[in-house]
Amino acid sequence: MTQHDVHSSSHGDQLIQSEPGQQNGSRPWPVIVTRRLVKTYILGETSVYALRGVSLKVYPGEFVAIMGPSGSGKSSFMNLIGCLDHPTSGDYFLAGMPVSRLRPDDLADIRNRRIGFVFQSFNLLVRDTALTNVMLPMIYAGICQRSSPGENNNVSPSHAPW
Ligand SMILES: Nc1ncnc2c1ncn2[C@@H]1O[C@H](COP(=O)(O)OP(=O)(O)OP(=O)(O)O)[C@@H](O)[C@H]1O
Ligand SMILES: [Mg+2]
């Protein structure tokens, strides 16, 4: 995937904004900004250049489809913007936070609190019920507790952060 500056950036290398909002009362801040993202897989002595510098901005409320032939790097790109993987180089800002070089635990926290995934192969835990699978992110976030079989599984909406 090679895409250069779909929207050129007018900001410096530091794009620090705690939440998406309005910039100078005009256009909202982009919720996703990637700058020259590169992903290279090393397979033995072979380098696979999956992403060769992808720059993109996505604004709040936008719906974006990433399309391309098989092997063009769609999953590699989704893994990066979903905070599942690190880029080889380049920057990624999520809601203004520079996340491309965060530690795995911090990335896990962002995935838990800020990102929703719908995987092609659902990635459910077969040993757990559908309800527990749905509750699991909230259990990890400390919002509710795993319950015993037969126990009332009520989760109070007042404890949820949304
Ligand atoms: N973990 C990996 N290790 C080595 N090479 C990889 C890895 N993941 C992807 N690749 C390679 O990177 C390139 C991009 O793959 P990627 O899976 O991102 O493409 P894709 O657009 O999602 O393809 P598809 O439409 O088939 O899902 C391909 O050449 C692929 O073989
Ligand atoms: Mg794919």
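Among all residues of segment 50-72, there is at least one that is polar (S, T, N, Q), within 16 Å of ligand 2 (Cβ to nearest atom) and at pLDDT 95 or above. Could we say that S10 is more than 16 Å from ligand 2 (Cβ to nearest atom), assigned to a loop (DSSP other than H, G, I, E, B) and either modelled with pLDDT under 90 or not aromatic (F, W, Y) (or both) here? Answer is yes for this residue.
Residues that are more than 9 Å from ligand 1 (Cβ to nearest atom) and in contact (Cβ under 8 Å) with a residue 12 or more places away in the chain within segment 64-84 comprise L80, I81, G82, C83, L84, listed in sequence order.
Residues in segment 77-90 that are within 13 Å of the chain's Cα centre (by Cα) and not in a loop (DSSP other than H, G, I, E, B) were compared, and the one that is farthest from S55 (Cα to Cα) is N79. M1: within 16 Å of ligand 2 (Cβ to nearest atom), in a loop (DSSP other than H, G, I, E, B), at pLDDT below 95 and within 20 Å of the chain's Cα centre (by Cα), yes or no? Yes. As a summary of the residue check, L84 satisfies the conditions (1) surrounded by 13 or more Cβ atoms within 10 Å (Cβ to Cβ); (2) in the same structural domain as R27 (by TED's automatic domain parsing); (3) at pLDDT below 95; (4) under 21 Å from W29 (Cβ atoms) except for the one numbered (4).
Restricting R114, R103, R127 to residues that are basic (K, R) and within 21 Å of W29 (Cβ to Cβ) narrows the list to R114.
The set of residues in segment 121-162 that are of a type in the set (V, I, T) and at pLDDT 65 or above comprises V126, T129, T132, V134, I139, I143. Just to check your reading of the model, which residue among S70, S100, S47 is among the small types (G, A, S), farther than 30 Å from Q145 by Cα and surrounded by 14 or more Cβ atoms within 10 Å (Cβ to Cβ)? Exactly one residue qualifies, and that residue is S100.
The values are calculated or read from the model by the stated rules, or taken from the named source; none is laboratory data. Not measured: the values here are computed from a predicted model. So basically every Cβ, Gly included, is an ideal-geometry build from the backbone, and we count neighbours across all protein chains shown.
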